[in-house]
Every structure is written in C-alpha cells, then in structure tokens.
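I have placed the structure first, in the form of structure tokens, so that the comments after it can refer back to it.
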Amino acid sequence: RARRTLGGAATVEQSAAGYRLAVGPGDVDALRFEGLVGQGDVAAALTLWRGPALADAGDFAEPFARRLDELRLEATVTLFSQELDQGTARVGELEALAAEHPLHERLAGLLMRALAATGRPAQALAAYEALRARLADELGIDPGPPLQAVHLEVLRGEVDRKSTRLNSSHIT
C-alpha cells in the first residue's frame, strides 16, 4: 500500500532492519531548502516553507527542527535586507518578527534601517533603546558593533531613504 501511494515499488525498499523510503535529496523539502539557502536563493528557499519544521516527526527531530527554524529566520532576515536595499520596506512584518525574536540583533538593525528609511528615525532609535535595555537586563551585554553602527547611522541621519523608490505601496 505504501509503494502504491508513494509512487511505485522502487520508492519503498525492504532491508534487514525493516522498510525505508528511497528518496533523493531533491525529494526532501528540508534538504532543498538548505541547498537553496546555501546557494543564496533565499526567496526560492522560503517558498518551500509550509508550517512548523518537522512538526509531526516526534521528539527525536527537535534539534533538527530548531536548526531549520533558525535557518529560516536567517533566510527571512536576508530576504528583507535584500528588499530594503532595493527600496522595499516591509516594516509591519519586520516589527512582528522582531517581537517574536526580541534579542536578535541583526533583525533589530534591519528594522531600524527600515524605520529610518521610511521617515521614522525616532521609532528606529526607540527600537534600538528597547533592544539595548533588553540585552542589558536579560544577558548583561551591550549591542554588538554592527547594531551600534546602525544606531550611529540613524543618529547621524545617514540611512539611505531611497525616497524615489520607497513609496506607500512598498511600506507595510
């Protein structure tokens, strides 16, 4: 029955240990996702994502699921960064993602850049201060040099507004 459902006799192999699925790396979304991220095609990689990683795989898969979730977050941040560099600021989505990951400095820096680029430097500075306080309270550390550099750019008004490309249709 499994062979019939999954595509033929060659899909399910029998061995001394039992049965196993005979699939290639291109048949497994998680492996395709990792490959596309590794190639730098984060937009295509993220289209493969549908719900929580390995949700039905059981407790043994938790470390793998956590690693995939972290890779997904980094891919999402990379995509938003690329879009911001091209003039698209998805501020609402960045704010939601930053709320889910309140200690993620790269994400906070991206949110700050997006806020400043859309004419909201005061909100960008408030986001920095909120993260700085959270890092100090929870971890006893200061923001790292990359986030401090973004903070300084916002303070100096050096964030590129790309005003000809950042219009209301791009801002969410």
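The values are calculated or read from the model by the stated rules, or taken from the named source; none is laboratory data. Just so it is clear, the model here is predicted, and its values are computed rather than measured. Using ideal geometry, Cβ is built from the backbone for each residue, glycine included, and neighbour counts are taken over all protein chains shown. What goes into the accessible areas is simple: the full protein's heavy atoms, side chains included, and nothing from ligands, DNA or RNA. Shrake-Rupley method; radii C 1.70, N 1.55, O 1.52, S 1.80 Å.
Under 5 Å between amide hydrogens, built in the peptide plane, is the criterion, and for residue 12 it picks out 22 among residues at least 5 positions away or on other chains. With both labels modelled 7 Å from their Cα along Cα-to-Cβ, the residue 28 to residue 70 distance reads 1.9 nm.
Here, P(r) means the percent of Cα pairs in each 10 Å bin from 0 to the largest distance; for the chain it is 9, 28, 28, 17, 9, 7, 1.
Return one whole number: the accessible area per residue of the chain in Å², for a 1.4 Å probe.
On the way: 10470 Å² over 172 residues.
Here the residues of the chain average 61 Å² of exposed surface.
Could you tell me what percent of the accessible area of the range 1-117 is made up of carbon and sulfur, with a 1.4 Å probe and every protein chain present? Each step should come with its number before you reach the end.
Numbers: 3700 of 6910 Å².
Ligands and nucleic acids excluded, carbon and sulfur give 54 percent.
Enumerate by residue number the GluC sites (Glu not before Pro) in the range 128-159 meeting two conditions: DSSP loop (anything except H, G, I, E, B), and at most 16 other Cβ atoms within 10 Å of the site's Cβ. Please report the intermediate quantities before stating the final value.
Details: sites: 129, 138, 153, 158; in loops: 158.
For GluC sites (Glu not before Pro) across the range 128-159 that sit outside H, G, I, E and B with at most 16 neighbouring Cβ atoms in 10 Å, the list reads 158.
Helix 145-156 and the longest principal axis of the C-alpha atoms of the chain enclose an angle of approximately 40°. Taking trypsin sites (Lys or Arg not before Pro) as exposed when their DSSP state is a loop state and no more than 16 other Cβ atoms lie within 10 Å, the longest site-free interval of the chain runs over 51-160. For the pair residue 86 and residue 149, a Förster radius of 25 Å applied to the C-beta separation gives a FRET efficiency near 0.75, rounded to the nearest 0.05. Measuring between their Cα centroids, the range 46-99 and the range 111-129 lie 22 Å from each other.
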